[in-house]
Amino acid sequence: MIKIAVADDQSLFRNMLIYILEQEPSFEVVGGAADGIEVVELCKSKQPDIVLLDVKMPKADGISALMKIKELNQDIKVVMLTTFEEGEYIYKACSNAADGYIVKDTKPEALVNVVKCVSDGFFVIHPSANEYLMKQMTQSFEVFGTDIVSDENLDFDTVDRTIIRLVSIGKNNAEIAAQINYSEGTVKNRISRMLAITGTKDRTQLAIFALHNGIV
């Protein structure tokens, strides 16, 4: 059973989402919230597996709530749900370890599939948001002056690629170390080595490099 929480300040839309999700036998909706503060409290009390989270809400917006939920429990998966496709929200959501980014006109059957995919560990993003991110990556590499490289030019082993993937979803060194059973110092050293190999300056650039070159 997948436990789901829904956060949206529009009660009609929130209740409609809850109704749609409750029709799926493998889903259990554990609660709804009208703002960012309520959804964080809901996550504390109900510990849902997945949160459907509106970007624009009163008191605390979706991005703030996303960050607090991930601080509370990294295992809670968060799908941003919005009518807004502006780059500011897409970038902030993805850089703060959102597990999905979809728009509110998603069809009910597609929404059910999104929840199942995210529950299985997949990252799901609306095509328009993905297009924006691809443009950002291209522009970033024009600024960085980094060319696309082939795999044979990269001395990355399986552990390196796992670390890059975890960096790309916003994990810090301590979290990565715990997940792959390495020391934090080893993780830090491997990231420093990968920065040197790729010619990138920080973790964000390294993540963009990895996405741009098909490493993750």
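The values are calculated or read from the model by the stated rules, or taken from the named source; none is laboratory data. Just so we're clear, the structure is a prediction, and the values are computed from it rather than from any experiment. Here the Cβ positions follow ideal geometry from the backbone for every residue, glycine too, while neighbour counts run over all protein chains shown.
Within the set of pairs 6 or more residues apart or between chains, which connect a residue that is touching a residue at least 24 places away in the same chain (Cβ under 8 Å) inside the stretch 32-55 to a residue that is buried (at least 17 other Cβ atoms within 10 Å of the Cβ) and of a type in the set (S, T, N, Q) with Cβ atoms less than 9 Å apart?
Asp49/Ser119; Ile50/Ser119; Leu53/Thr82; Asp54/Thr82; Val55/Thr82
Output the number of residues of the stretch 6-20 satisfying the condition of being part of a loop (DSSP other than H, G, I, E, B) and either farther than 20 Å from Val103 by Cα or among the β-branched types (Val, Ile, Thr) (or both).
Number of matching residues: 0.
Please go through the stretch 47-61 and pick out each residue that is in contact with a strand residue (DSSP E or B) (Cβ under 9 Å, 6 or more places away or on another chain) and either modelled with pLDDT under 95 or assigned to a loop (DSSP other than H, G, I, E, B) (or both).
Selection gives Gln47, Pro48, Asp49, Asp54, Val55, Lys56, Met57, Asp61.
For the stretch 166-184, which positions are in a helix (DSSP H, G or I), of a type outside the set (Gly, Ala, Ser) and more than 16 Å from the chain's Cα centre (by Cα)?
The answer is Asn173, Gln179, Ile180, Glu184.
For the stretch 21-34, indicate whether the set of residues that are assigned by TED's automatic domain parsing to the domain that holds Tyr101, in a helix (DSSP H, G or I), surrounded by fewer than 23 Cβ atoms within 10 Å (Cβ to Cβ) and in contact with a strand residue (DSSP E or B) (Cβ under 9 Å, 6 or more places away or on another chain) is non-empty.
yes
Please work out which residue is surrounded by the most Cβ atoms within 10 Å (Cβ to Cβ), limiting yourself to the stretch 166-185 and to residues that are modelled with pLDDT of 90 or more and among the β-branched types (Val, Ile, Thr).
Ile176
Which condition number in (1) touching a Lys or Arg at 6+ places or on another chain (Cβ under 9 Å); (2) not in a loop (DSSP other than H, G, I, E, B) is the one that Lys44 fails?
It is condition (1) that Lys44 fails.
Restrict the check to the stretch 81-95 and report whether at least one residue is in a loop (DSSP other than H, G, I, E, B), in contact with a helix residue (DSSP H, G or I) (Cβ under 6 Å, 6 or more places away or on another chain), of a type in the set (Gly, Ala, Ser) and at pLDDT below 90.
no
Do we find a residue being modelled with pLDDT of 65 or more, within 30 Å of Lys104 (Cα to Cα) and either under 17 Å from the mean Cα position of the chain (by Cα) or loosely packed, with under 13 Cβ neighbours inside 10 Å (or both) anywhere in the stretch 158-165?
Checking the stretch 158-165: at least one residue is modelled with pLDDT of 65 or more, within 30 Å of Lys104 (Cα to Cα) and either under 17 Å from the mean Cα position of the chain (by Cα) or loosely packed, with under 13 Cβ neighbours inside 10 Å (or both).
Could you grab me the full set of residues in the stretch 110-132 that are in contact with a helix residue (DSSP H, G or I) (Cβ under 9 Å, 6 or more places away or on another chain) and under 14 Å from Gln23 (Cβ atoms)?
Leu111, Val112, Val115
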